[in-house]
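For reference, the structure discussed in these notes is given below.
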Amino acid sequence: MSEQDNNNRRVTVLFFGATRDIVGQPEMQLVLPVKTAAAAFENLLEKFPELRRFGRSLLFAVNQEYAQPDREINDGDELALFPPVSGGCAAPKHNAEETEARVTETVSTSLNDFFELTTEPIDVGVVARRVVLPECGATVTLDGYAREWTRGRRTLYLVYEAYAPMALKELERLEREAHQRFEIAHIGIVHRTGRLEIGETSVVIAVSAPHRQAAFAAGEWAIRELKRTVPIWKKEIFEDGEVWVEGEARNPVTKP
């Protein structure tokens, strides 16, 4: 075997949101002659030059974790290339508009902490009651839902897509940090998947705490972090077109 063969990495590359639209497929198998995440990222941009229109806003993950530039790439790794996250979710390897199966994916880190991605309609009251305990004096619930008008354009419906395994890992991280930052008892997050009609709930965050100030602060922090780091994207379908909603640009090949 030649030295060049030894340097090749056979990997699976996933594309989400607008990057998938440009590449034309959600995933592919590639052989990359690279050793690091930074080199893999640049190699993918060379293979798909249209992705350069995103400038430095693209994000890169290796094995469902945001990748630092010097992260080593190994044979069999799963790479993912995607635009800044914006909130929302769907099955990771399918077009959200074509996904009909009812799916709920759950992470439960304790009896009352939970994180779910679901294609089912969300009952806000049910989610809120799941974090209520006798020792808590307050539960704060945030209910995000699909609005009809955005900057003067009428929205017909929304489509959500997520890198589901990585999204659940990031939600677990939010749970750990929320308990470190705030005096709360429990936190639960449920995010809707696929197509949403106007007025339907897209995300619910419920926080219980002995005192309401901590519950309010934790809920506000959690929604900000969710929209900043959890790999979820939203497509708005208008009367006169459609657009992927992208979050804030940040440096590629790095953790937000």
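Here, each number is a calculation from the coordinates, and none is a lab measurement. Since the structure is predicted, the reported quantities are computational estimates derived from the model, not experimental observations. Neighbour counts run over all protein chains shown; Cβ positions are idealised from the backbone, glycine included.
Equivalent-ellipsoid semi-axes for region 3-82 (Cα gyration tensor, √(5λ), whole Å, largest first): 20, 13, 12. Binning the alpha carbon pair distances of region 104-243 at 5 angstrom intervals from zero yields the distribution 2, 10, 20, 22, 19, 12, 8, 4, 2, 0, 0, expressed in whole percent.
Highest-first packing order for the peptide set 220-227, 35-42, 239-246 is 35-42, 220-227, 239-246, based on the mean count of other beta carbon atoms within 10 Å. The peptide list 164-173, 137-146, put in order of mean Cβ contacts within 10 Å with the highest first, becomes 164-173, 137-146. The Cβ shell under 10 Å around Ile189 holds other residues with a net charge of -3, Lys and Arg each +1, Asp and Glu each -1. What separates the Cα centres of region 165-207 and region 35-63 is a distance of 28 Å.
Put a dot 7 Å past the Cα of Arg154, heading toward its Cβ, do the same for Glu200, and the two dots end up 2.0 nm apart.
The modelled label-to-label distance for the pair Val126/His211, using points 7 Å beyond Cα in the direction of Cβ, is 3.5 nm.
Stretching Asp143 away from Phe238 to a fully extended chain increases their span by 31.9 nm, per 0.36 nm per residue minus the current alpha-carbon distance.
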